[in-house]
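What follows is one structure encoded as structure tokens, with my remarks underneath.
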């Protein structure tokens, strides 16, 4: 959201678009929780389980832009997922390596 104001001085519509996307990410980060269980990555909205991703169906995962983590990618047998992340990438990597260990260099 910090980029929205300077961008608005250059292009108002671009600043508005980036600001709206920033508000969306803020709302998601305040309401969604990732929980790593022994068998799946569970996503909760407050206290309600909204999605379960069993590790047995995962083929690959990756955290993009390590110095400034912004995107977590994982591929399942039938779909791919991109999740914006707003937390410590080393903690995420540790959880993934513990619960969903796979050879990241194989693909």
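The values are calculated or read from the model by the stated rules, or taken from the named source; none is laboratory data. The structure presented is a predicted model; accordingly, all values stated were derived computationally and were not measured. With ideal geometry, Cβ positions are generated from the backbone for all residues, glycine too; neighbour counts draw on all protein chains shown.
Some observations on this one:
- The residues listed here are 7, 14; of these, the one that is in contact with a helix residue (DSSP H, G or I) (Cβ under 6 Å, 6 or more places away or on another chain), surrounded by 15 or more Cβ atoms within 10 Å (Cβ to Cβ) and modelled with pLDDT of 90 or more is 7.
- Within the range 92-107, being modelled with pLDDT of 80 or more, in contact with a strand residue (DSSP E or B) (Cβ under 8 Å, 6 or more places away or on another chain) and not in a loop (DSSP other than H, G, I, E, B) holds for 92, 93, 95, 96, 98, 99.
- Residue list for the range 44-64, restricted to those being exposed (fewer than 12 other Cβ atoms within 10 Å of the Cβ), on the phi < 0 side of the Ramachandran plot and outside any strand (DSSP E or B): 47, 56
- Scan the range 65-91 for residues that are in contact with a helix residue (DSSP H, G or I) (Cβ under 8 Å, 6 or more places away or on another chain) and not in a loop (DSSP other than H, G, I, E, B) and the total you get is 3.
- Comparison of 41, 71, 26 shows that the only residue that is surrounded by 14 or more Cβ atoms within 10 Å (Cβ to Cβ), in contact (Cβ under 8 Å) with a residue 12 or more places away in the chain and under 13 Å from the mean Cα position of the chain (by Cα) is 41.
- Hits in the range 2-43 (condition: under 19 Å from residue 88 (Cα atoms) and not in a helix (DSSP H, G or I)): 32, 33, 34, 35, 36, 37, 41, 42, 43
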